[in-house]
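One structure coming up, written as structure tokens, with questions to follow.
What follows draws every value from the coordinates through simple rules; no lab data is involved. Predicted model only: the values in this text are computed from it and were never measured. Reconstructed Cβ throughout: ideal geometry from the backbone, glycine too, with neighbour counts over all protein chains shown.
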Amino acid sequence: MMETRKASRISAFLPRSISKEVLNALSDVGVHDIFVAAARSLVIKAKKGISLLLPGRDLMLDPLDQVVFLVGDEMAHPLFNLVVEKGHLAIPGMGSVISEEIEIPSKDVLFNEKSITPFDANPIPVHPYEVKGICCIVQRGRGEGVARIALDTGTCVPAINFGTGTGVRDKMGLLRITIPAEKEIIHVFTSVDEVHGILAMMAEAGDLEQPGKGFIYSYPVKKALVNMRVVRGGQQHVASIEQVVAAIDHIKGGAEWRRRERGLQKQAGSQKKFLLGLIEINLLCDGGTGADLVKAAMAAGAGGSTIQSFRHVHPSDSPLGEISPVREHCSLIIPEDQVDTIVAALKEAGAFTDRCHGQIHLRRVPRALTYMGK
């Protein structure tokens, strides 16, 4: 595989009312290459009064901003703490932030590596911990049903946003009209011990082993603060259960004490045929160029892609002003031995020219599931 070096990717899911405060703080320390996408969170509304007699659970939706940026490893810790501080993420229910270890081509230099002014991290009153991320892509309109798994198991508050899918749909001829291109992208974060059970339950809820229903995969997260306040309203005690859990995490030095893997594995049902040991190529390119680049990757052997649009946030006087204000993120999940072939195909298609301003980073995908054919 091509020569790479380590870097960090920080992603935050923030209430829209406070995301601007975080973006301003990041800009002040020199983070000038940032990607923002609209999203929504899903929480359970606590029942009161006569509604307690009614079956089912009421859900509430809140607008979020997904904020993503890439940095060198040495600045990942202070920037993580800055997002927690300015996003008020130590308060249960405010949002989530994760820091991942990624790989970028050895010769690439991230713009943020050059622009950031080093600073010392302020201490935060909570203890970040290692988790696993789960990303699930389903047909538009089916996201909430799958995301409810995270709520019903008390795993976390899921985030959902939109994208466009290619893959099985593009290979089905006239039948493709039965599979919408519009997708919902569900983001869930869970403990290392529970990830297989939660992933299997979400796959079952989305019927993902059927043609064109979607794709789900897991990825490692180095450290995180996760919004676990899955129920809103009805607090009857001085401290909420989320505050108690956060306090115990801090005392214990992590979330390992919460292990419940066996129960989740039983709920997950029958054994599924997972794809193992894959690599995700994350391609960032100018708006409107992603579809053609994905076609080139698929012609070289990639199975498909999900394309998501981001708003590119940078100073008006930055050299990044030459880049489109809309950037597309194309996710290509492939076997590791195909990475060089797919990257070469992207290069041949002009991904890394001034027409597309393409940039790639890689992350490990230990487990994935989708329709595999008969």
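Estimate the FRET efficiency between Ala38 and Ile124 by the formula 1/(1 + (r/R0)^6), using the beta-carbon distance for r and 35 Å for R0, to the nearest 0.05. Mind dumping the intermediate values first?
Working: r = 27 Å, r/R0 = 0.76.
That pair, Ala38 with Ile124, gives E of 0.85.
Here's something else I'd like to know. So between Phe162 and Ala181, what do we pick up on full extension, going 0.36 nm a residue minus the alpha carbon distance? Intermediate values should be presented prior to the final figure.
Working: separation 19, 0.36 × 19 = 6.84 nm, distance 1.07 nm.
So the chain would gain 5.8 nm between Phe162 and Ala181.
When Lys and Arg each count +1 and Asp and Glu each count -1, what net charge do the other residues less than 11 Å away from Leu208, Cβ to Cβ, add up to? Don't skip to the answer; put the middle values down first.
Numbers: positive: Arg142, Lys213, Lys272; negative: Glu204, Asp207, Glu209.
Charge balance near Leu208 sits at 0.
Figure the gain on full extension for Ser27 and Arg311 (residue separation times 0.36 nm, minus the Cα-Cα span) and round it to one decimal in nm. All intermediate terms of the calculation are to be shown ahead of the outcome.
Numbers: separation 284, 0.36 × 284 = 102.24 nm, distance 1.52 nm.
Roughly 100.7 nm would be gained on extension.
Return the distance in nm (one decimal) between the two label points of a simple spin-label model at Asp193 and Val326, each offset 7 Å from Cα along Cα→Cβ.
Using points 7 Å along Cα→Cβ, the separation is 4.6 nm.
Within 13 Å, Cβ to Cβ, of Leu278, how many net charges do the neighbouring residues add up to if Lys/Arg are +1 and Asp/Glu are -1?
Details: positive: Arg363, Arg364, Arg367; negative: Glu280, Glu336, Asp337.
That sum, taken over residues with Cβ under 13 Å, equals 0.
Something else about it: Given labels modelled 7 Å from the Cα in the Cβ direction, how far is it in nm from Ala344 to Met2?
1.2
Can you tell me the length gained on complete extension of the stretch Glu336 to Asp152, counting 0.36 nm per residue apart and subtracting the Cα distance? Kindly include the intermediate steps, with their values, before the conclusion.
On the way: separation 184, 0.36 × 184 = 66.24 nm, distance 3.46 nm.
62.8 nm is the gain from fully extending Glu336 to Asp152.
Cut-off under 13 Å on the C-alpha distance; same-chain residues fewer than 8 positions from Lys6 excluded. Which aspartates and glutamates are left, in chain and number order?
Within reach: Asp73, Glu74, Glu100, Glu101, Glu103, Asp108, Glu113.
Mind scanning Lys86/Lys183; Lys223/Lys347; Lys107/Lys272; Lys20/Lys295; Lys114/Lys222 and naming the pairs with a C-alpha gap bigger than 29 Å? If you can, show how the numbers build up before the last one.
Details: Lys86/Lys183 31 Å; Lys223/Lys347 33 Å; Lys107/Lys272 40 Å; Lys20/Lys295 35 Å; Lys114/Lys222 23 Å.
Pairs exceeding the cut-off: Lys86/Lys183; Lys223/Lys347; Lys107/Lys272; Lys20/Lys295.
Sort the following peptides by mean Cβ neighbour count (other Cβ atoms within 10 Å, averaged over residues), highest first: 153-166, 84-97.
Values: 153-166: 22.5, 84-97: 20.6.
Going from most to least packed, we get 153-166, 84-97.
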